[in-house]
Amino acid sequence: MSIITLPSELVHFQLPTALQNRLQTLLDHQDLGQPLTPDEQAEALGLVELAEFLSLLGMKCKSWG
């Protein structure tokens, strides 16, 4: 059995500011009733999934630390 050591900095991982801003822009357009193109929908979904993954990774690291 191998032990994996994760850097403690993983707790602080989050979307870079530019990606957070892009996601917020896409969500704002949607909230204003402006439909997103299929490419924008895919982009927004990918950014949400990445943000959720980073959040879960950070929570796991906190619970292990």
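The values are calculated or read from the model by the stated rules, or taken from the named source; none is laboratory data. Since we're looking at a predicted model, the values are computed, not measured. Here Cβ is always computed from backbone atoms with ideal geometry, including for glycine, and neighbour counts include all displayed protein chains.
So here's what we get for this one:
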{"quantity": "Filter pass, Thr5 being among the β-branched types (Val, Ile, Thr), surrounded by 11 or more Cβ atoms within 10 Å (Cβ to Cβ) and either modelled with pLDDT under 95 or in a helix (DSSP H, G or I) (or both)", "calculated": "no"}
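Let's see how each residue does on (1) modelled with pLDDT under 95; (2) under 30 Å from Ile3 (Cβ atoms); (3) surrounded by 10 or more Cβ atoms within 10 Å (Cβ to Cβ); (4) in contact with a Leu (Cβ under 7 Å, 6 or more places away or on another chain):
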{"site": "Leu15", "(1), (2), (3), (4)": "yes, yes, yes, yes"}
{"site": "Asn21", "(1), (2), (3), (4)": "no, no, yes, no"}
{"site": "Gln24", "(1), (2), (3), (4)": "no, no, yes, no"}
{"site": "Gly33", "(1), (2), (3), (4)": "no, no, no, no"}
{"site": "Pro38", "(1), (2), (3), (4)": "no, no, no, no"}
{"site": "Glu43", "(1), (2), (3), (4)": "no, no, yes, yes"}
{"site": "Glu52", "(1), (2), (3), (4)": "yes, yes, yes, no"}
{"site": "Leu56", "(1), (2), (3), (4)": "yes, yes, yes, no"}
{"site": "Lys60", "(1), (2), (3), (4)": "yes, yes, yes, no"}
